[in-house]
Amino acid sequence: MATVTQKIISGHLAEGSLPEAGEEIALRIDQTLTQDATGTMAYLEFEALDIPRVKTELSVSYVDHNMLQTDFRNADDHDYLKSVAAKYGILFSRPGNGICHQVHLERFAVPGRTLLGSDSHTPTAGGVGSLAIGAGGLDVALAMGGKPFTMNMPEVVGVKLTGKLQPWISAKDVILELLRILKVKGGVGKVFEYFGPGVETLEVPERATITNMGAELGATTSVFPSDEKTGEYLWLQGRADSWKELKADSETDFSEIIELDLSGIEPNVARPHMPDQVCKVSELEGKKANQVIVGSCTNSSYRDLMTVALALKGKKVHPDVSFCVLPGSRQVYETLARNGALADLVSAGARILEAACGPCIGMGQAPRSGAVTVRTFNRNFRGRCGTQDAEAYLVSPETAAAVALNGTFSDPRKLGGAIKVPPEKPIIDDSMVTRPPEDGSLTEIVRGPNIAPLPELRPVEDRMEKEVLLKTGDNVTTDHIMPAGAKILPLRSNIPAISEYVYVNVDPEFPKRAKEKGGGFIIGGENYGQGSSREHAAIAPLYLGVRTVIAKNFARIHKANLVNWGIVPLEFENPSDYDLVEQGDVISLESLEEGIRSGKVKAVNKTKGKEFNAVCSLGGKSKEVLLAGGSIMHAKSA
């Protein structure tokens with residue numbers, strides 16, 4: 001008897017049998033995906049491993065983030081990615097083919113397979129019953145080289161769905177409701193697995209919206225069963241042979257159960273500046289909006305955009321609203337174009353952007369200063385939209401349509417009769433996916449001047465005595481540590497250059513101070529490093545000399561990224577000891593190797609004359625990787 005999650009994990013364990021939750025496991029990985037903002041570094045790392053060809057069933061390199069070609073840098077990186085894919089046996093999804101998660105769901109995700117992606121929203125593929133996990137680029141590089149992925153066995157929480165969504169309510173409202181209940185830390189160390197009679201009322205794109213934003217709960221991943229609806233979706237995609245039934249055996253197999261009645265869910269909205277600041281749309285009724293954008297990997301499917309097109313058909317967007325639409329894939333774009341829905345959107349006043357991440361990652365469409373921007377995206381961290389003082393709200397496509405028409409927050413149920421979007425056979429054309437040659441050994445890798453070498457790596461020192469460079473509060477995101485946006489994203493392949501932006505939105509003097517002090521420590525609060533999987537939030541601080549982060553606790557992916565790059569992640573044994581340390585204090589860590597192995601490190605605040613204990617809560621293999629100086633050093637020494 002087992003859950004879907006447990007079945008997939010059991011079939012992919014590199015060794016041993018299914019362990020208890022919290023114990024370290026090593027998973028065989030079937031598929032990988034990268035996107036260009038994280039992929040360039042991932043492939044530089046893969047090159048450093050000296051492995052001639054990827055060893056996975058399928059690896060895909062997507063270009064969807066750095067699409068603004070305002071100079072040579074992004075275009076150079078695209079050519080680098082294309083040549084690396086040809087050399088090492090990787091499929092290359094060309095610029096314009098679409099957002100990695102939407103395209104992967106459509107064309108490559110398979111029930112029962114494991115997928116590791118260098119993007120935190122990789123769990124989108126859980127909508128078809130894949131065990132899809134976000135990770136740092138180095139973890140993905142190692143998986144492409146045939147190495148197992150190491151993580152702690154998660155708890156499997158069952159989310160029992162009953163009832164049926166009412167008209168003008170959608171899957172986005174479901175996941176926002178869970179965020180309201182559980183908050184951004186509610187899924188740490190857990191997989192959310194959906195089951196119950198309500199599941200069969202949801203189409204795969206709706207399920208994928210829910211699994212996508214499970215990342216905002218801090219979950220390891222989220223997964224739906226593979227049922228007849230899954231089979232219908234794969235048939236529409238011309239992939240019926242990929243389908244197999246996969247479901248949990250019994251409710252008793254879950255560690256806990258959360259019950260959610262779909263029929264009782266109302267239109268929800270996440271207020272600034274966290275995805276869990278959720279209230280009912282009705283509570284904001286009448287609040288003016290300046291910008292509305294529909295898209296992102298969360299809500300850019302055919303169903304999402306067709307819903308908006310039907311809601312706006314024959315109407316005009318409010319004159320005070322800038323309204324943009326981003327199709328999630330070329331498939332969605334072309335299908336809408338051929339059935340006339342794209343023309344309806346244009347006629348209503350929509351600005352149609354290319355099939356890419358775009359504004360979700362701060363690449364264009366920044367709102368005016370002090371604006372209220374309403375988006376169908378998954379994150380609304382301060383400044384992520386490109387404007388520091390803007391207020392970003394997260395809503396469903398239905399609510400976005402209502403706001404766009406009225407110019408104010410409005411309950412979409414007031415728009416009239418229900419809209420039904422039946423599944424439609426899409427236009428399938430994989431011509432923008434370049435397949436590698438059988439032998440890529442003679443392929444020359446293209447390296448533009450923006451591609452710089454990796455930082456120097458070395459084993460963890462046994463004694464560290466450094467100044468605290470920065471003390472942060474709770475829920476610090478990787479956007480805080482390593483900002484995104486059109487100015488900074490093109491530097492993802494140039495660590496010396498991008499390091500100049502570490503923590504600049506929190507403390508503009510941080511990079512300068514870190515270099516002047518010869519590096520140092522960072523002190524963090526709860527859930528340090530939540531959000532995006534970007535490993536640059538570890539690599540760039542490492543380049544500046546950060547060798548240890550002491551926090552109350554860490555978000556999963558960021559903690560793994562710190563280990564991968566040889567930065568010691570320690571947690572206060574007594575959370576109140578966080579108050580014993582301030583920026584500028586000098587901290588001494590003695591006998592680090594012994595402390596890391598035993599799980600407890602003694603720290604001395606030399607400035608204040610105080611001592612405290614810090615915990616190294618890593619599994620055995622992760623400790624060895626850390627002590628070696630990170631995954632590249634560990635792999636080379638094996």
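Is it the case that ASN475 is in contact with a Gly (Cβ under 8 Å, 6 or more places away or on another chain), buried (at least 18 other Cβ atoms within 10 Å of the Cβ) and touching a residue at least 60 places away in the same chain (Cβ under 8 Å)?
Here the answer is yes, as ASN475 does meet what is asked.
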Q.
I need a count of the residues in the range 621-631 that are surrounded by fewer than 18 Cβ atoms within 10 Å (Cβ to Cβ) and either modelled with pLDDT of 95 or more or basic (Lys, Arg) (or both).
A. 1
Q | Residues satisfying the stated conditions in the range 225-256, i.e. in a strand (DSSP E or B) and farther than 20 Å from ALA208 by Cα | A | GLU256
**Q.** Within the range 557-637, strands (runs of 3 or more DSSP E) holding 3 or more residues that are under 25 Å from the mean Cα position of the chain (by Cα) and not small (Gly, Ala, Ser)
**A.** 568-572
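Where in the range 475-551 are there helices (runs of 4 or more DSSP H), lying fully within it, with 3 or more residues that are among the basic types (Lys, Arg) and in the same structural domain as ILE596 (by TED's automatic domain parsing)? Before you say what the answer is, go through the steps one by one.
Numbers: elements: 478-481, 495-498, 510-516, 536-543.
Correct list: 510-516.
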Q. Can you name every residue in the range 352-374 that is over 17 Å from the mean Cα position of the chain (by Cα) and surrounded by 24 or more Cβ atoms within 10 Å (Cβ to Cβ)?
A. ALA355, THR373, VAL374
(Q) Return the pair list, or none, for Cβ contacts closer than 8 Å from residues in the range 178-199 that are assigned to a strand (DSSP E or B) to residues that are aromatic (Phe, Trp, Tyr), at least 6 apart or on different chains. (A) GLU193/PHE224; GLU193/PHE254; TYR194/PHE224
Q.
Looking for something over 22 Å from THR124 (Cβ atoms), among the charged types (D, E, K, R) and not in a loop (DSSP other than H, G, I, E, B) - is there at least one such residue anywhere in the range 368-378?
A. no
Q. Does ILE498 qualify as being touching a Lys or Arg at 6+ places or on another chain (Cβ under 7 Å) and either within 19 Å of GLY136 (Cβ to Cβ) or without any contact (Cβ under 8 Å) to a residue 40 or more places away in the chain (or both)?
A. yes
Q) If we scan the range 188-206, do we find a residue that is in the same structural domain as THR252 (by TED's automatic domain parsing), farther than 27 Å from THR307 by Cα, under 18 Å from the mean Cα position of the chain (by Cα) and modelled with pLDDT under 95? A) yes
Q. (1) assigned to a loop (DSSP other than H, G, I, E, B); (2) in contact with a strand residue (DSSP E or B) (Cβ under 9 Å, 6 or more places away or on another chain); (3) not small (Gly, Ala, Ser): which one isn't true of LEU442, the others all being true?
A. (2)
Q) So which of ALA343, ALA392 is touching a Ser or Thr at 6+ places or on another chain (Cβ under 6 Å), at pLDDT 95 or above and among the aliphatic types (A, V, I, L, M)? A) ALA392
Q | All strands (runs of 3 or more DSSP E) inside the range 109-156 with 1 or more residues being crowded, with 24+ Cβ neighbours inside 10 Å | A | 114-117, 131-134
Q. When the residues of the range 607-620 are filtered to those that are touching a strand residue (DSSP E or B) at 6+ places or on another chain (Cβ under 7 Å) and surrounded by 14 or more Cβ atoms within 10 Å (Cβ to Cβ), which remaining residue is nearest to ILE25 (Cα to Cα)?
A. GLY619
Q. Would the range 447-456 turn up any residue that is over 30 Å from ILE567 (Cβ atoms) and either assigned by TED's automatic domain parsing to the domain that holds ASP36 or touching a helix residue (DSSP H, G or I) at 6+ places or on another chain (Cβ under 9 Å) (or both)?
A. no
Q: Six or more apart or on different chains, Cβ under 7 Å: which pairs go from a residue in the range 19-41 that's in the same structural domain as ARG492 (by TED's automatic domain parsing) and closer than 15 Å to LYS55 by Cβ to one that's of a type in the set (Asp, Glu) and surrounded by fewer than 24 Cβ atoms within 10 Å (Cβ to Cβ)? Could you list them?
A: none
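The values are calculated or read from the model by the stated rules, or taken from the named source; none is laboratory data. Note that this is a predicted model, so its numbers are computed, not measured. Quick reminder, even Gly has a Cβ in these numbers, built from the backbone with ideal geometry, and neighbours come from all protein chains shown.
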